[in-house]
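Participant: What follows is a structure written as structure tokens; I'll ask about it next.
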Amino acid sequence: MTTGFFSHPDCLLHEMGEWHPECPARLQAIEDQLIASRIDALIERDDSAPLAEEAALLRVHTQAHIDYLRALAPLEGYAAIDPDTSMNPHTLQAALRAAGAAVAATDAVIAGRYENAFCSVRPPGHHAEPARAMGFCFFNNVAVAARHALDVHGLSRVAIVDFDVHHGNGTEAAFAGDSRVLMCSIFQHPFYPFSGADNQAPNMVNVPMPARSKGMDVREAIDIMWLPRLHEFKPEMVFVSAGFDAHREDDLGNMGLVEDDYAWITEQIREVAKRHAKGRIVSCLEGGYNLSALGRSVVAHLRALADI
């Protein structure tokens with residue numbers, strides 16, 4: 001069984017200004033590192049990233065949210081959503097491709113074409129709430145894919161693991177209180193979006209970490225807080241919000257992870273999936289803004305996913 005690698009050229013067309021760290025060069029940096037590490041031939045590229053259908057988006061997002069983004073999409077220049085998040089003429093297409101890739105990867109993994117898959121897509125998604133775009137995110141790619149697995153494929157239990165430096169507030173908003181979903185996240189706190197630490201729903205395993213936490217601190221927290229709950233839950237599929245901005249070289253966060261830590265985290269996720277979910281994992285790119293660290297970390301993540 002192979003690891004599928006989903007991406008689409010449309011994801012390069014979205015940009016929010018030359019100054020913005022969430023830039024097309026992020027995906028190019030990943031491609032460069034895949035070639036440099038010589039693992040590009042060991043994973044299977046899949047271009048089946050259709051535009052996400054409205055029905056798939058509506059499993060997570062409100063009709064008003066979808067209509068708002070369509071109406072806001074500019075014909076030229078930029079349309080601002082918040083001080084850090086804006087649309088250019090290609091943003092809506094890119095966001096639909098990103099969500100569509102996550103759905104296509106879910107279909108392919110459940111069909112058995114791949115054991116697991118990584119979606120190298122942008123814009124990211126985990127800050128997008130059911131009725132609000134924010135924090136560089138427009139549609140919640142992982143949430144859309146997870147709901148697709150539950151509502152279309154009829155799975156009973158899915159887990160979502162989020163190791164981005166920022167709390168995935170949008171994913172939590174979509175699934176808090178849903179007993180079919182267990183969300184495990186680790187994030188720097190206090191930090192944007194200043195959520196996740198208080199009033200957790202029973203199906204949320206949020207682990208706030210202080211700034212400057214290093215790999216061993218994060219590994220210990222995952223070992224103690226995440227893994228017992230994941231094994232108890234026995235997910236039938238695992239989704240990953242794979243943000244790499246907790247890397248020690250990434251200036252958008254203030255954490256101390258390195259590539260080996262991302263490999264270790266991925267190995268733990270893979271073990272959970274192997275034991276309970278027939279190995280089924282769909283991972284979607286979230287943050288990661290130091291281009292070299294991002295590319296290297298994604299390679300470490302992919303090596304662990306593909307067991308190479």
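Nothing in this text is a laboratory measurement; each read-out follows from the coordinates by a stated rule. From a predicted model like this one, the values you see are computed outputs, not experimental measurements. As a convention, Cβ positions derive from the backbone with ideal geometry for all residues, glycine included, and neighbour counts pool all protein chains shown.
Participant: Roughly how big is segment 154-237's charge dipole about its Cα centre, with Cβ charges of +1 (Lys, Arg) and -1 (Asp, Glu), in debye to the nearest 20? Spell out each step's value before the answer.
Facilitator: On the way: 7 positive and 10 negative charges, 21 e Å.
Roughly 100 debye for segment 154-237.
Participant: When a/c is below 1.5 the answer is rounded, else prolate if a/b is larger than b/c, else oblate, so apply that to segment 224-300 with a ≥ b ≥ c taken from the square roots of the Cα gyration tensor eigenvalues.
Facilitator: Values: a/c = 2.54, a/b = 2.03, b/c = 1.25.
It is prolate, given that a/c is not under 1.5 and a/b is the larger ratio.
Participant: Show me the ranking of peptides 295-305, 224-234 by mean Cβ neighbours inside 10 Å, starting with the highest. Could you put the intermediate results ahead of the total?
Facilitator: Working: 295-305: 24.1, 224-234: 15.3.
Those peptides, ordered most packed to least, come out 295-305, 224-234.
Participant: Still on this model: Where in segment 239-270 does the amide nitrogen come within less than 14 Å of the point 7 Å from the Cα of SER292, taken along Cα to Cβ?
Facilitator: Within reach of a label on SER292: 248-251, 259.
Participant: Also: Pull up all non-local amide H partners of ARG132: gap of 5 or more, or a different chain, and H-to-H distance under 5 Å with H placed in the peptide plane.
Facilitator: Amide H neighbours of ARG132, under 5 Å, 5+ apart: none.
Participant: Taking the highest mean first, how do the peptides 11-21, 122-132 order by number of other beta carbon atoms within 10 angstrom per residue? Please list the in-between numbers first.
Facilitator: Working: 11-21: 15.8, 122-132: 25.6.
Listed from highest to lowest mean packing, they are 122-132, 11-21.
Participant: Right, here's the next one. Could you check the spin-label model distance between ILE35 and THR62? Points 7 Å from the Cα along Cα→Cβ, value in nm.
Facilitator: Distance between the two pseudo-spin positions: 4.6 nm.
Participant: Choose one of VAL272, VAL144, PRO89: the residue whose Cα lies farthest towards the positive end of the charge dipole of the chain (beta-carbon charges +1 Lys, Arg; -1 Asp, Glu; about the Cα centre).
Facilitator: Projecting each Cα onto the dipole axis, the largest value belongs to VAL272.
Participant: Something else: Mind putting a number on the dipole of segment 3-306 about its Cα centre? Charges go on the C-beta only, +1 for Lys and Arg and -1 for Asp and Glu, and I need it in Debye to the nearest 20.
Facilitator: Values: 25 positive and 40 negative charges, 178 e Å.
Its charge dipole is roughly 860 debye.
Participant: Separate question: Which of rounded, prolate or oblate describes segment 6-125 when judged by the alpha-carbon gyration tensor and an a/c cut-off of 1.5? Each step should come with its number before you reach the end.
Facilitator: On the way: a/c = 2.82, a/b = 1.30, b/c = 2.16.
In terms of gyration-tensor shape, oblate.
Participant: Something else now. Considering the chain as a Gaussian network with a 10 Å cut-off on Cα pairs, which listed residue, ILE110, ILE81, ILE35, attains the greatest mean-square fluctuation?
Facilitator: Comparing ILE110, ILE81, ILE35 in a Gaussian network model of the chain, the most mobile one is ILE35.
Participant: Oh, and also: Taking the dipole about the Cα centre of segment 3-306, with the C-beta of Lys and Arg at +1 and of Asp and Glu at -1, give me whichever of ASN206, GLY243, HIS8 is farthest to the positive side.
Facilitator: ASN206
Participant: For VAL205, list long-range residues whose amide hydrogen, built 1.01 Å from N in the peptide plane, is under 5 Å from its own amide hydrogen.
Facilitator: Residues meeting the criterion, in which the H sits 1.01 Å from N, are MET183, CYS184, SER185.
Participant: For segment 222-244 and segment 34-86, write down the distance between their C-alpha centroids in whole Å.
Facilitator: Here the two parts' Cα centres lie 25 Å apart.
Participant: If you take every DSSP beta bridge fully contained in the chain, what fraction is antiparallel? Give it as a percent rounded to 5. Don't skip to the answer; put the middle values down first.
Facilitator: On the way: 5 of 39 bridges.
Roughly 15 percent of the beta bridges in the chain run antiparallel, per DSSP.
Participant: At 0.692 mPa s and 37 °C, plugging the Kirkwood radius over alpha-carbon pairs of the chain into Stokes-Einstein gives what diffusion coefficient in µm²/s?
Facilitator: 176
Participant: Okay, next question. When the chain is fully extended, how far beyond the present Cα-Cα distance does ALA79 get from ALA197, taking 0.36 nm per residue of separation?
Facilitator: On the way: separation 118, 0.36 × 118 = 42.48 nm, distance 3.19 nm.
Residue separation times 0.36 nm, minus the Cα-Cα distance, leaves 39.3 nm.
Participant: Which length gain, in nm to one decimal place, applies between TRP19 and ILE308 when the Cα-Cα distance is subtracted from 0.36 nm times their residue separation? It would help to have the intermediate numbers written out before the result.
Facilitator: Details: separation 289, 0.36 × 289 = 104.04 nm, distance 3.63 nm.
Net length gain for the segment: 100.4 nm.
Participant: Let me make sure I get this right: for segment 176-240, a, b and c are the square roots of the gyration tensor eigenvalues over alpha carbons, sorted descending. Under 1.5 in a/c it's rounded, otherwise prolate if a/b > b/c, else oblate. Which is it? Please report the intermediate quantities before stating the final value.
Facilitator: Values: a/c = 2.36, a/b = 1.35, b/c = 1.75.
Oblate is the answer for segment 176-240, as a/c is 1.5 or above yet b/c matches or exceeds a/b.
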